Amino acid sequence: MQKISSLFIENINSLPIWVKQVITKEVSLNLISKLGEFIELVGTENLFQYMRPKATPKGEQEVQDKIYRLSDSYYLFLTSALNNETIFEITLKNNWSLADSAKILCKLVELEMIEISEDNSKEYAVAQFIANKIRTGEFLKKIGKINALQLNEAIKYQKDVQSEGRNVKMASVLIKMGFITDKGLDSLLLLKDEAKRRLTVSMGFTSIKYNNEADKKDYVLALQKEIARLESENLIMKKRLKKILKIND
C-alpha cells in the first residue's frame, strides 16, 4: 500500500510550479515569524519528523512476544520502526498527533526498545520537550542554545528566589538572564501546542493505491479499529463531562 506520507507529499507536488513557489515562500515566512530565534527547528537537518527510530533487539523481541503487555500503539510504533519508517509517516498513518508519537517514542526509549544515536540527539530533545519529559532550560541546553554552566546559573538563581518565598518559573529566569527572549519563549510554547494537533489527510487527496487486496483489507481494518478507538474516547469524555456537570441520563 502507498504510504500516507507519500500520498500527502504527492498531492502537494502535483500542484503547478507557480503555485508551489508561492506556497514555499508563504510557509517559510510563516515559520520564520513564528519560530523566530529557533529558526534551526525549521530546517530539515534536525527535524524530529524526519527521524527514523531504530528498534533494539529487545524492541524487536517485544513485538513478537509482547512480554510487557503494552498498548497497541506501542507495538504499531515498534513495527514501523522495524520497517524503517519516519516519525512523520508513523504519525500520519496512525492518525496521531506529533505529541502522541513523541510520548510513545520517549517511553520506548526508557524501556530500551528504541535506541537514540548521537546524530539524533537534537531530534530526540524535541520529542522530550513536546512530550513534557524535559523542561525549557534542559531543552535549550540539549539543542545548544545555552550551555551547562548557564543552565546551572539559572537553576541557582531560581532556587535563591524560591528560598525567599517567591515562586518563579524557569522560563522567567531564562528570560531575565538573557538566555531567551519573550518571543522565543512564545515560539517554544507554540511548538509544543501545535504538536498536539492531528492532521486530517482527506483534503482533496487522490485515492490511496494498494499493492493487493490483502493490503486494502488490512488498511480498512486499521481504519475501523481507529474509528472504534475514537468512539470509545468520545464516550469516556461524555461520561466525565456528565459527572462534572452532574447531568443524569
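Worth pointing out:
- Local net charge near residue 79, Cβ-Cβ under 10 Å (Lys/Arg +1, Asp/Glu -1): -2
- Shape metrics for the stretch 76-159, restricted to C-alpha atoms - Rg then Dmax, Å: 14.7, 47
- Peptides 51-60, 65-74, 167-176, ordered by how many other C-beta atoms sit within 10 Å of their residues on average, highest first, read 51-60, 167-176, 65-74.
- Near the amide H of residue 54, within less than 5 Å, lie the amide hydrogens of 115, all on another chain or at least 5 residues away, with H placed in the peptide plane.
- The orientation-averaged projection of the convex hull spanning the C-alpha atoms of the stretch 1-138 amounts to 9.6 square nanometres.
- Phi-derived couplings, Karplus 6.51 cos²θ - 1.76 cosθ + 1.60 at θ = phi - 60°, listed residue by residue for the stretch 12-27: 6, 5, 6, 5, x, 4, 5, 6, 5, 4, 5, 4, 4, 5, 5, 5 Hz, with x used for Gly and Pro.
- Distance between the modelled labels on residue 166 and residue 232, one decimal in nanometres: 5.0 nm (7 Å Cα→Cβ projection).
Read the figures in this text as sums done on the coordinates, not as results from a lab. None of the values given here were measured: they were computed from a predicted structure. Cβ: placed from backbone, ideal geometry, glycine included. Neighbour counts: every protein chain shown.
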